[in-house]
1. Net charge around Leu87, counting only other residues with Cβ within less than 10 Å of its Cβ (Lys, Arg = +1; Asp, Glu = -1)?
2. What does the charge count near Asp429 come to, summing +1 for each Lys or Arg and -1 for each Asp or Glu among other residues with Cβ under 14 Å from its Cβ?
3. In units of 2.2 N^0.38 Å, what is the alpha-carbon radius of gyration of segment 397-438?
4. How large is ³J(HN,Hα), in whole Hz, for each residue of segment 254-261 in order, when computed from phi with the Karplus curve 6.51 cos²θ - 1.76 cosθ + 1.60 and θ = phi - 60°, using x for Gly and Pro?
5. Long-range amide H contacts for Glu493: which residues qualify at under 5 Å (H placed 1.01 Å from N, peptide plane, sequence gap of 5 or more or a different chain)?
6. If you average 1/r across every pair of different Cα atoms in segment 255-359 and take the reciprocal, what Kirkwood value do you get, in Å?
7. Using mean Cβ contacts within 10 Å as the protection proxy, how do 426-432, 294-300, 76-82 order, highest first?
8. Highest mean first, what order results for 322-332, 283-293, 86-96, 179-189 on Cβ atoms within 10 Å?
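Read-outs: derived from the displayed coordinates by stated rules, not from any lab. Computed from a predicted structure; not experimentally measured. A quick note on method: Cβ atoms are made from the backbone with ideal geometry, for glycine too, and the neighbour counts reach across all protein chains shown.
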Amino acid sequence: MPLSDLTVSLLLAVIPLSGVIFALYSNYQSWLKSPIRGLPYPPGPPLLLGSANQALKSQAWITYTEWSKKYGDIMYLNIYGEHTVILSNLDDTVELLERRSRVYSSRQKNPYIKLMGWDFNVGLIPYGDLWRRHRKLFQRFFRPKASVQYEPIQTAKIHNLLHDLLTTPSNFIQHCKKNASTMIMAILYGHDISDEMSTHFASLAENSVRELSSSIRPGGYAVSYIPILRHLPAWFPGAGFQRHAAEVRKLTTQMKDIPLDYVGKGLLHGTSSASLVSDLLENCYVQREYDVIKDFAATAFAAGADTTVSALESFFLAMSLFPEIQKKAQKEIDQVIGVTRLPTTADRPALPYVEAVYRELMRWAPVTPLNLEHTTTEDDIYKGFYIPKGTAVYANTWALTRNEEKYPNPELFNPDRFFTADGQLNNDDTVLTFGFGRRICPGRHLASTTVWLTIVSVLATFDLKGSKNKETVPISVVERLADGLIVHPLPFECDIIPRRGNVKTLIREAVGNRGSNGDAKA
Ligand code: HEM
């Protein structure tokens, strides 16, 4: 018998509401049992769904930054019954996420992540043995010493980027995407993965990551907070999330399977090139290990490609908005490197201003402005506030990078803020957008080299100019960023012009003299 509209409406209202009431009741019960229940939660907007909803609209990190001015640097929100704390000050963030990392390093058990097939990703696995096993692989392959071995691949892919910029400059966003995806694919799966396959894989990952991002943000889908909803059948009114999850699951499965099957077949036929994954597969004899390798590689791609693209896009935006900074960096590059060769990673220590441009880029347009949440695994007391076990703690990287005392006039792209009065690089070299504590990004050394080498290589060879009509007055970067877990600049124009007559020759020689894995051709 079909359900009447009224029954359906009542069910739709009652099921989530009872879930919220149950969550609030459980919170209350655990608070009653807690020995520290006399203590207050940190201050925050009143406990009501409306306040959460308001914050969770587009660019929540900006709302949170505004609210922190009213409620303080440690702010409490209750979102669908989930304890949430937003940190807006670096000292508190370091104290909680780093010094107390034993307690502040888990992730929420979000049933929707599993429904979407994303539970393989180390970045989303709660603290424990499984997370440790996966994380160890990242430490092994992406610690500083290990990351150095990928420099030839990074250099070769950046030379390809320069070549693409030379050939079709107006497609620079596409070229950034291709650069990041082909680079990480070559590192993971080998240089015989074609650009077409990398691009196909990148678009699978991009779509899947986008869906993931919009689903796991605070206040995303109700099922993330009310686990019982995951049992609703897809046909049930209001259970559209089941269909959405099934679609995302298809993407994540392909993203994991396609490249690994390709490398596996290559190994069987003896056609596979050396790569991180092929090395691992050669010593893999049981299905469980095979699955771990698959998860590891897909995670590295998903975590490493789009984040890098975001930083590269913001670099083009910053340079087109701040031409005088560009000129200053180019002057340093020309003085140190000259004009007869392309830069290399060995030049990094000799180029302090370019280093400051890199730091400022990561500050000015943080790739992940709200970081990922760190869930507490025990009750804690901080500055007289009660932070219960199970709280989702977010470092608001946007607020940290907008600290006016540390970074006066924070919307200005000003690398000079990273120099001491006597002209030396200062010690503010922690890139906040790589996260904190035990969960800090394990790919940060690789990413730092990619972004730095791209900056210096592009500035050595091209002038980047904002469109004359539209970009004359730099407006705040806030208005130039889209929403998301990983933010990208909104579309903008940038003219890319070779700086000198010999640039074409330099780039063509560099691309012609190397294989795509970075090896010099015989
Ligand atoms: C500009 C580039 C990148 C940025 C801005 C970035 C940023 C981040 C952030 C903010 C986190 C969460 C940290 C936290 O919870 O406190 C993270 C985690 C992670 N990143 Fe990156 N990332 C970048 C590149 C990469 C690359 C190239 C890889 C892989 C080679 C990678 C692999 C990971 C992994 C596996 C995690 C999860 C760590 C865990 O939960 O234990 N990332 N990244």
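1. Working: positive: none; negative: Asp73, Asp91, Asp92, Glu95.
Every neighbour counted, the sum reads -4.
2. Details: positive: Arg348, Arg359, Arg363, Lys406, Arg417, Arg444; negative: Glu355, Glu360, Asp428.
Charge balance near Asp429 sits at +3.
3. Numbers: Rg = 11.5 Å, N = 42, 2.2 N^0.38 = 9.1 Å.
Relative to the rule-of-thumb radius for its length, segment 397-438 sits at 1.26.
4. 3J(HN,Hα) across segment 254-261, in whole Hz: 4, 4, 7, 7, 4, x, 5, 4.
5. Counting only residues 5 or more places away or on other chains, the set is Ser467.
6. On the way: mean 1/r = 0.0577 Å⁻¹.
Evaluated over segment 255-359, this radius sits at 17.3 Å.
7. Listed from highest to lowest mean packing, they are 294-300, 76-82, 426-432.
8. On the way: 322-332: 17.2, 283-293: 12.4, 86-96: 21.1, 179-189: 26.5.
Listed from highest to lowest mean packing, they are 179-189, 86-96, 322-332, 283-293.
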